[in-house]
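Here the structure is laid out as structure tokens; the discussion comes afterwards.
The values are calculated or read from the model by the stated rules, or taken from the named source; none is laboratory data. On a predicted model such as this, the values are computed, not experimentally measured, just so you know. All Cβ positions, glycine included, derive from the backbone under ideal geometry; neighbour counts span all protein chains shown.
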Amino acid sequence: MAGIRGRGRRLAAAVWGAIALGGFVYATEPVEAVRVVPVWLDDLGAGGLDPPAATWVFERPLRLTISPLVDLSAAELSIVLDDRVVWRGTDGEGATIVVPPELDPGRPGRTIYRIPIEPLAAGSARTWILHLRAPPEGGSVAVFAIEATLPDGRTVRDAASLVVGAPRAAPHRRFGAIEFPAATSGPGPP
């Protein structure tokens, strides 16, 4: 009986040691350094935007804001869109965004647009206005990601995503989250 008690104590000590080590490792993870916030402007009732040119019929205007909590350098914004999503945009000063598209090698049918960003000071914000037109059928997920360098040389990444258009498969709520089925009967992504 004493042997079992001794093994039980060693096991308990090993389990508590693993928990303590796991808590230490988690506590040393980097803190949040940058926020990526996309907001549909029509959801805010912002009707003061200039209407797009007649040749552009855009579905919805979007404001994308990058807010660093620490100084950042060598920053790059990546916009990842489905090939079927049409977009145009301006930066905070009203200059048109012109960047060459790159095919996403890991995900066929997706395109990456990389926008270099000058160094950002902590507490500042950088804003872009994008106009996104959904695919004729179905929807897609737009991903907005930033990668930058911290003052100590470490790389920080953050991202946010939005659904553009209406998915072909109806979403459902499960465990407090909205999920879209992984497969549909139609071609292409849901």
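Being surrounded by fewer than 16 Cβ atoms within 10 Å (Cβ to Cβ), charged (D, E, K, R) and in the same structural domain as Arg60 (by TED's automatic domain parsing) is the requirement here; does Glu93 meet it? Here the answer is yes, as Glu93 does meet what is asked.
Per this entry, Arg107 is not counted among residues that are over 25 Å from Ala33 (Cα atoms) and surrounded by 14 or more Cβ atoms within 10 Å (Cβ to Cβ). Take the conditions (1) at pLDDT below 85; (2) surrounded by fewer than 17 Cβ atoms within 10 Å (Cβ to Cβ); Val141 misses just one of them, which is (2).
When the stretch 91-144 is filtered for residues that are part of a strand (DSSP E or B) and among the aliphatic types (A, V, I, L, M), the ones remaining, listed by number, are Leu103, Ile112, Ile115, Ile117, Leu120, Ile129, Leu130, Leu132, Val141, Ala142, Val143. Being of a type in the set (A, V, I, L, M) and surrounded by 12 or more Cβ atoms within 10 Å (Cβ to Cβ): is that true of Ala125 here? It is true that Ala125 is of a type in the set (A, V, I, L, M) and surrounded by 12 or more Cβ atoms within 10 Å (Cβ to Cβ). Among the residues of the stretch 169-190, those that are modelled with pLDDT of 65 or more and part of a loop (DSSP other than H, G, I, E, B) comprise Ala169, Ala170, Pro171, Phe175, Gly176, Phe180, Pro181. Before we move on, is Arg126 more than 20 Å from Pro61 (Cβ to Cβ) and either free of Cβ contacts under 8 Å to residues at least 60 places away in the same chain or in the same structural domain as Arg35 (by TED's automatic domain parsing) (or both)? Against the criterion (more than 20 Å from Pro61 (Cβ to Cβ) and either free of Cβ contacts under 8 Å to residues at least 60 places away in the same chain or in the same structural domain as Arg35 (by TED's automatic domain parsing) (or both)), Arg126 does not qualify.
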